[in-house]
Amino acid sequence: MGHGLVAASGNFDVASEHSGSSLIVSPRGEIDLATVDLIRDVVEREHQPGEDIVLDLREVGFMDTSGLRYVLELQARAEREGFAVQLVRGPSAVQRVFEVAGLEPRLPWLDEPPPAE
Amino acid sequence: VTAEQRRALVYGLIVTASFVTIDIALSSSRIAASYMLGAIVAGVLGGFRTAAIVAVVALVLAVISPIWNPGDLGTQAYVARLFVSAAAALLALGSGRLSDQVADQLASEQMLVAVAELPAPGATLEQTTARLVDLLVPRYARFAALDGGPAGEQVRLASRGTAPADPSDAIVTPLRARGRDIGALLISGGRSGANDPEFLRVLSGRIALALDNAGLSQELITVEQQLQAILENLGEAVTVQDRSGRLVFANSAAAGLLGAGSVEELLASDPRAIADRFTSTTEDGSPLDPARLPGRLVLAGREAEPLVLRVLDKQTGEERWRMTKSTPVPGPDGEVMLAVNVIEDITDRKRAEVAQRLLSDATAALASSPDYHATLQRVAELAVPALAGECAFYLPNSGLLEPIAATHNGGVSAGAAVTGEEVLSTGEALLLHDGSAIVAPMTTDERTVGVLTLSSRPGTRFTEADVDLALELGRRCATAIENARLYSQLEEVATTLQRSLLPPDLPKVPGWSFDSLYMPAGSEADVGGDFYDVFPTAAGFMAVMGDVVGRGPAAAALTAMGRYTLRTAGSLVGTPTMALARLNDNLRERGDMALCTAVVVLLRADSPEASIVCAGHPLPLLVRGGRVQPVGRIGPLLGAFEQGHWLPVSLELVPGDVLVLYTDGVIDARGGELRFGEERLQQTLTGATSASDAVDRIRAALLEFAGAEQDDDVAVLALQKL
């Protein structure tokens, strides 16, 4: 179990935790153009080379296409650098955005974060 | 042997010789016993040793007197004369001893008096010790030395005479003053009385006292000199006033501060004349009550808080700030005798404070609005009276400087405009008319934007520090002006660009009616990412709507690319999927995860069938008979994957059908904690009768739900089959 870290701005915050071989990133609030950089910052700061990333969307109430772009960016980077990105399904409003964008079938989904080892 | 002893010896020998001569001359005389009178004279005058010498001579002459008194040898009278001579010799020796003692006593007393009188006022310790050993040698001893310091750590302060071969032959007497060892006196070869311990004790006591006084006075001198040096070197001006208010002391800093050429000149001046050189006011500029001066208060026996004064030198027009603190010095009677004033020149600190406040207030004012006409007016008003009596700003217009902001009369002198042109071209500030005006450029890193003028408050003159402040103020104003101009240029560019991204007018297509809604979010400079278009193709017409992910200039570039790629590819190829594939390729080529969602609808001129292709975009809504349903099939958004699969959905449209394309700005619109959402949109459109009815309903519902301000662009395109 790694340490917890929280970055916050307004009603939005991002918690992160090293668990086993994964970095679990848990944004809470609404992901849009104004808040997506906070997730980006936390990942930049916390991600160790080779470490897998789990983006936990369960506490995200709303997400627009800025969030989609970040997920796709992260996935492209994972392919280049050789680590895995997995997403924990969020509320239906969030899942709907992935669905409309035609991305849902193409992303690796989890129902909950992997248990700590 | 002293001169006195020599003289006594001579007198004694003359007396003896006289009696011998008489004895020889008078053959009948037998006066050999009288020879010894010379020894008595020598003893009384010269002491024991001279008496002894003469006595020996007289006795020898008495013994050999039968040579000139024939027949006397061996007689009873001769023997008797010898006995009398011997007795007289003892008398002479006794008187000599007595005389010696009297002389010693006298010398000792003289010595003590001399030692006691020794410490001359102002003499240093070196001078005093040198005089002490001079007193002791040779009158009192062959060798004398003074060592200073506590026992064991003594150093030789002074010595005279020949030191004894064996140091232990010297008599050492410790010197004590005020209960502490201050050194030792070393004496050797002292006169007979020198070994008297009582005398030595008294002498050493006197010497110790003399040395202590000399040391004390030296300490006092040193302290006074140090104090003087400290006061001279203080940056603060220090003055001391007596009860009458007259200055009795001042250091150089005080002379400089109070406008005197020297300390002597200052002390000689009338206090009123000193005060008259300046116009003094309190810190906030109100008149000064002289009774409130700290020196006056202290001399009146009252407490005095430090007082800050603004002081205008009437001759130079220079304004300075001083802080005066006064401390009372009580006299022997307990009444305040003197007031010590420490006057600190705090001009630099106060100027820095004023400058900082002015600059920060000006910066805040300049940042408050991009309308620099208004903000410069605020800055001009801030500069008065903090920095100047009047302030004005000029900007060039068609080559001429034009005032754009000024305090009530701007303090514009006749020459200022001409000087302004010069300053504008050189970019150098000018201090005009003996410091009564400043003309300073307003410069950015690149260029001079305009000119500001300041005229001094009545009676004051500007300094170089004011020029520096004016330059800094000018820099900040110039930056604000440049930023405002850049901002208005940017806004113009953005507005122009955005206009180019929207279709100027939707084309007229027979059998169809179109309407649209576009509400960009935020300011006009913030170019949005929504676009839509309707254009002819070989088969009929194509309607497109797209949304670029992101905002700002980069998104605007993508918006243009999206719109024109779809238009070009759509018109040329005529198939929606090919047009979308083309845009997907273009986006992928950029390689920076440029994403775009789009929906394309192909409307055929010769058939009621419409093809709908969606790429990550919200599905269009079909309003048929007042009921609403999404149409189309979800496909991946553009730019995300190398290979996309976008499948067209065919839809047969009947007259009255309304197809509504929209961007996620509609369903993401925020109302309090809620989002507008797909469901509310479908409800809004339920019962819509035409393209314009559909658009009006959405506009009204959004306004009611979310208000006029939105986070995201909103675009709606409604197509109605007639």
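Taken together, the values in this text are just the output of simple stated rules run on the coordinates, not laboratory data. Predicted model, so just to flag it, every value in this text is computed and none were measured. Cβ coordinates were reconstructed from backbone atoms using ideal geometry, including for glycine residues, and neighbour counts include every protein chain displayed.
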Under 5 Å from the placed amide H of B:T663, counting only residues 5+ away or on other chains, we find B:A715
Filtered hits (lysines, Cα-Cα < 22 Å from B:K721, offset >= 8 within chain) -> B:K508
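As an exercise, use a Förster radius of 60 Å and the Cβ-Cβ distance of B:A291 and B:Q225 to find the FRET efficiency, rounded to the nearest 0.05. Working shown, then result.
Numbers: r = 37 Å, r/R0 = 0.62.
My answer for the efficiency is 0.95.
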Taking Cα atoms only, Rg over Rh for chain B with Rh from the Kirkwood formula is 1.53
The ³J(HN,Hα) series, computed from each phi in the range B:171-179 with the Karplus coefficients 6.51, -1.76 and 1.60 at θ = phi - 60°, rounded to the nearest Hz and given as x for glycine or proline, is 8, 9, 10, x, 10, 10, 9, 6, x
So, for the Cα atoms of the range B:36-171, Rg and Dmax in Å stand at 23.7, 76
A correct fewest-to-most ranking of B:L9, B:L471 by other Cβ atoms within 10 Å would be B:L471, B:L9
Expressed in angstrom and ordered largest first, the alpha-carbon extents of the protein assembly as shown along the principal axes are 200, 81, 48
In degrees, nearest 10, the alpha-carbon axis of helix B:3-25 is tilted away from the dominant principal axis of the alpha carbons of chain B by 10 degrees
Straight-line reach check, B:K350, cutoff 25 Å on alpha carbons, 8 or more apart in-chain or any other chain, hits among lysines -> B:K314, B:K325
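Which whole-number percentage describes the relative contact order of chain B, with Cα contacts under 8 Å and a sequence gap of 6 or more?
Working: 1428 pairs, mean separation 42.0, N = 722.
Reported as a whole number, the value is 6 percent.
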Row for the range B:572-712, column shape: gyration tensor on C-alpha, a ≥ b ≥ c, rounded if a/c < 1.5 i.e. under 1.5, prolate if a/b over b/c, else oblate; value oblate
